[in-house]
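Structure record follows, encoded as structure tokens.
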Amino acid sequence: MKVLAIYGSPRREGNTAKMMDVALSAFPAEAEIKKVYLGGMNFSGCGPCRECKTTGDCVMKDDMQDVFKDMIWAEIILFGSPAQFSDVSSDIKKLMERTWWMKGALRNKIGGYVITGRRYMESVQNTLHAFMLRHQMILGGSGALGFTFTEMGGLDYDPLALRDAEYTGRRLVELWYIIYDH
Ligand SMILES: Cc1cc2nc3c(=O)[nH]c(=O)nc-3n(C[C@H](O)[C@H](O)[C@H](O)COP(=O)(O)O)c2cc1C
């Protein structure tokens, strides 16, 4: 069971990371889990080149190249994003744009997410759903949303969010057994 966890908040130990860690706690010990923290990584969104249209590859040589390899390696991809101005974080959005070249490479991978914030969470979900459907991924999970009433530590006020995050992890594991374990 190959799991890629993409932490999409600029804060490495914030609310989103806490939700992610709870979701990952549901995976069995034998799962191989790779964690990628987008915060602090050196990469940009899609550029003007359109090179991938002819080469079938992304020619922008930055930190995203390793993330592409991890995404191709993974059977399950778990995204974590805070709501930032009613949508995914800019790092998650940049990553999404950069996958434009990956035609079919994410097909049938299992995808899930956790989101933190207090309001306007629907657009964050919409963006993640659209991304996964566009790549023909299999959307799993429980739609885990963490309502954070304060900044750091806010999830302590929302035990249901942590329960949902754990359920998201369990659901992704369940789907993996259905799809991959023959
Ligand atoms: C630039 C910026 C924009 C934000 N926009 C929203 C928003 O639209 N809706 C919301 O509920 N929270 C918003 N927040 C709050 C964060 O989503 C919230 O504090 C989140 O839990 C932070 O996650 P983190 O601790 O992983 O960074 C915003 C925070 C920042 C820094």
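Readers should treat all values here as calculations from the given coordinates under stated rules, not as data from a laboratory. Since the structure is predicted, the reported quantities are computational estimates derived from the model, not experimental observations. Every residue, glycine as well, gets a Cβ built from its backbone with ideal geometry; the counts of neighbours run over all protein chains shown.
By the scheme Lys and Arg +1, Asp and Glu -1, what is the net charge of all other residues having a beta-carbon under 12 Å from that of Arg134? Net charge around Arg134: +1.
Taking the C-alpha atoms only, the angle from helix 15-24 to the longest principal axis of the chain is near 90 degrees.
Taking the C-alpha atoms only, the angle from helix 159-180 to the longest principal axis of the chain is near 50 degrees. Assuming R0 = 25 Å, what is the FRET efficiency of Asp62 and Ile178, from their Cβ-Cβ distance, to the nearest 0.05? Taking R0 as 25 Å, the efficiency between Asp62 and Ile178 is 0.10.
With helices as the sole contributors, the chain gives -11500 deg cm²/dmol at 222 nm; each DSSP H run of n ≥ 4 counts as -39500 (n - 2.57), and the sum is divided by every residue. The label-point distance for Leu133 and Ser44, in a model that sets each label 7 Å from Cα toward Cβ, rounds to 3.1 nm.
A simple rule links phi to the HN-Hα coupling: the Karplus curve 6.51 cos²θ - 1.76 cosθ + 1.60 with θ = phi - 60°, which for segment 53-61 gives 4, 9, 8, x, 9, 8, 8, 7, 8 Hz, with x for Gly and Pro. Near Met121: Cβ cut-off under 15 Å, other residues only, Lys/Arg at +1 and Asp/Glu at -1. The net charge is -2.
Legend: ranking of residues Leu139, Leu78, Leu162 from fewest to most surrounding C-beta atoms inside 10 Å; resulting order Leu139, Leu162, Leu78.
What net charge do the residues around Leu95 carry, taking every other residue with its C-beta under 14 Å from that of Leu95, with Lys and Arg at +1 and Asp and Glu at -1?
Taking every other residue near Leu95 into account, the sum is -2.
Amide hydrogen proximity for Thr116: with H placed 1.01 Å from N in the peptide plane, the residues at 5 or more positions away or on another chain lying under 5 Å are Ser81, Ala83, Gly146.
Sorted largest first, the spans of the alpha carbon positions of segment 124-182 along the three principal axes are 43, 24, 13 Å.
In this simple spin-label model, placing a label point 7 Å from the Cα along the Cα-to-Cβ direction at both Lys53 and Trp100 gives a separation of 0.9 nm.
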